[in-house]
1. What net charge is computed for the residues neighbouring Ala67, neighbours being all others with C-beta under 12 Å from the C-beta of Ala67, Lys and Arg scored +1, Asp and Glu -1?
2. When the helix-only estimate is applied to the chain (DSSP H runs of n ≥ 4, each -39,500 (n - 2.57), divided by the residue count), what is the mean residue ellipticity at 222 nm, nearest 500 deg cm²/dmol?
3. Relative contact order (percent) for the chain, with alpha-carbon contacts under 8 angstrom and 6 or more residues of separation?
4. For the pair Asn167/Lys149, report the inter-label distance in nm, with labels modelled 7 Å from Cα in the Cβ direction.
5. Rounding to the nearest 10 and keeping the result within 0 to 90°, find how far the Cα-based axis of helix 81-91 lies from the longest principal axis of the chain.
6. Work out, step by step, the length gained on full extension between Ala18 and Phe135: first 0.36 nm times the residue separation, then minus their alpha carbon distance; give nm to one decimal.
7. Provide Rg and Dmax in Å for the range 73-135, with only Cα atoms included in the calculation.
8. Within the set of other residues whose C-beta is less than 13 Å from the C-beta of Ser137, count the net charge using Lys and Arg as +1 and Asp and Glu as -1.
Amino acid sequence: MSKVIKYELPQLPYAYDALEPHIDSRTMELHHTKHHVTYVAKLNEALAQEPQIADKPLEALLRDLNAVPESIRAAVRNHGGGHYNHSLFWQCMKPFGPTPLHMAVPQKILDAIAKDFGSVEKFKEQFTMAAASLFGSGWAWLIIDGSEKLSIITTPNQDNPVMQGLNPLLCLDLWEHSYYLKWQHQRGEYIKSWWNVVNWKQVGENL
Ligand code: MN3
């Protein structure tokens, strides 16, 4: 019998209040213990119905959703996507440090961004614009494709680049639950604030 993978809520690599004042403690706590936890529970629930695919790693399921039985395909897409996206999102942030940007960004990612966007500042401008103009709930991503080219994409709901055969390096949650308590309708303020807590070292490791 194949082993059924039971997903668990990952621990945050920092305290709920560690991203203050850029991302508030209450939002982090609710986001982690109410939203993310639900994606995990519903993913487990779905996979329990089709145990023959439940030994496949989540990334493999998301890369080939057509191979997931139709009865749970939407659940794996939404809740599996939700679990994957939030797990990456937590890692892509870290407590704010006063290190100048050009020193915080590892050389490897600095070079890759310079090649495809001109500079980190230009990349940030483009990413911010893409994130601000996404309609409704979804995510903004920095991705790398099969030919090693970096680009910015947005996805609706809990869809992600893995589902398109792309590899994510950095992601930003644009669902209102990730900023509404602090910023209400001002998504632009949330995005601006979020840049202060981006974990560039992790982005470099994702490359
Ligand atoms: Mn979220």
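1. Numbers: positive: Lys56, Arg63, Arg73; negative: Glu50, Asp64, Glu70.
Net local charge, Ala67 excluded: 0.
2. On the way: 11 runs with 90 residues, N = 207.
Rounded to the nearest 500, it is -12000 deg cm²/dmol.
3. Working: 298 pairs, mean separation 50.8, N = 207.
Relative contact order here is 25 percent.
4. 1.7 nm
5. Approximately 40 degrees, to the nearest ten.
6. Working: separation 117, 0.36 × 117 = 42.12 nm, distance 2.92 nm.
Between Ala18 and Phe135, full extension yields an extra 39.2 nm.
7. In order Rg, Dmax, the Cα atoms of the range 73-135 give 15.3, 44 Å.
8. Values: positive: Arg187; negative: Asp159, Asp173, Glu176.
After counting each charged neighbour, the total is -2.
Read-outs: derived from the displayed coordinates by stated rules, not from any lab. Computed from a predicted model, the values in this text were never measured in an experiment. We place every Cβ from the backbone using ideal geometry, glycine too, and count neighbours over all the protein chains shown.
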